[in-house]
Amino acid sequence: MIDELVSPKFGRKTIVTGHYGSGKTEFSVSLAMLLAEKLSRSKGISGGSPYSSLALVDLDIVNPYFRSREQREMLEDAGISLYGSMFDTEITAELPALGATVRKPLEDKNCRVIIDLGGNDIGAMIINQFKKYFTDNDSEMFAVINTNRPETATVKDILAHISAIQSITGLSVSKLINNTHMLHETTVGDIIKGNNLCKEVSKTLNIPILYNCYPSRIIDASNLSGSIENLLPLGLYLRPTWLDIYSRS
């Protein structure tokens, strides 16, 4: 079932964008881990993955929290190459500087790439210096939506956010990702509400909802099956334990 969900016809180069708090980085990391698992199983099998390697490019150099590069060891252990900040080993050095190797996976046609892009339109500007890599039919941009965030709580807000991202990047959002959540307090109702709003956005923009995400450690998928399609389980790879302690105090 998971193989079917992570093997749709989306581009080799997949840009993931979403407002702050949408969970776009958690989605990017979870998707990369699922793809890595599939790639590992399909190696040497006829009809398996058309790609021989997998990379995650962290272009979110504005937000100092929930960075995919903080999980470098886990990602690399799973066979995922990580590119982004020029500071490979010092995650606290938050200067907006990219490493020179960022272009490597974008130019490698045998590498499937997930790009974790900055949250709002200002954070997304950084991709403009790589725009030549995203003008072909092998590239797509996903918009991760959390309807529990005030910036994307209504259809009007979501449309305005997507419009701003498209305007600043010159790229078009091709698929929606419903990732409505409240961290550890996420309920089935949250996900259903998000799906309903995303359906309206989907109809307005004429683009599909690719995934309805749910936190697999919190929500039982059986409570959603039958009412929502294309369910994708997300891990909580980026949730620091100190936040859980703080939230209970």
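The values are calculated or read from the model by the stated rules, or taken from the named source; none is laboratory data. Quantities reported herein were computed from a predicted structural model and do not represent experimental measurements. Glycine gets a Cβ as well: all are built from the backbone with ideal geometry, and neighbour counts include every protein chain shown. Keep in mind that these areas ignore ligands, DNA and RNA; they rest on the heavy atoms of the full protein, side chains included. Shrake-Rupley method; radii C 1.70, N 1.55, O 1.52, S 1.80 Å.
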Inset, instruction - Being modelled with pLDDT of 90 or more and touching a helix residue (DSSP H, G or I) at 6+ places or on another chain (Cβ under 6 Å) is the filter; apply it to the range 112-122 and report the residue that is surrounded by the fewest Cβ atoms within 10 Å (Cβ to Cβ). - result: ILE114
Inset, instruction - Among what's in the range 123-181 and is of a type in the set (Gly, Ala, Ser) and crowded, with 19+ Cβ neighbours inside 10 Å, pick the residue that is nearest to the chain's Cα centre (by Cα). - result: ALA143
Legend entry - Criterion violated by GLY189 - all others in (1) over 25 Å from ASN230 (Cα atoms); (2) surrounded by fewer than 18 Cβ atoms within 10 Å (Cβ to Cβ) satisfied: (1)
Legend entry - Condition broken by LEU35, with the remaining ones in (1) at pLDDT below 80; (2) crowded, with 22+ Cβ neighbours inside 10 Å; (3) out of contact with any Asp or Glu (no Cβ under 7 Å at 6 or more places or on another chain) satisfied: (1)
Inset, instruction - Find the residue count for the range 214-223, including only residues that are open to solvent by less than 70 Å² (accessible area, probe 1.4 Å) and out of contact with any helix residue (DSSP H, G or I) (no Cβ under 6 Å at 6 or more places or on another chain). - result: 5
Legend entry - Residue list for the range 176-186, filter: modelled with pLDDT under 95 and at negative phi: HIS181, MET182, HIS184, GLU185, THR186
Legend entry - Residue selected from the range 7-32 under the condition among the charged types (D, E, K, R) and assigned to a loop (DSSP other than H, G, I, E, B), by the criterion surrounded by the fewest Cβ atoms within 10 Å (Cβ to Cβ): LYS9
Legend entry - Residues of the range 8-32 satisfying the condition of being modelled with pLDDT under 85 and farther than 17 Å from LEU232 by Cβ: GLY11
Inset, instruction - Scan the range 195-209 and give yes if some residue there is at pLDDT 90 or above, open to solvent by 50 Å² or more (accessible area, probe 1.4 Å) and within 20 Å of LEU34 (Cβ to Cβ), otherwise no. - result: yes
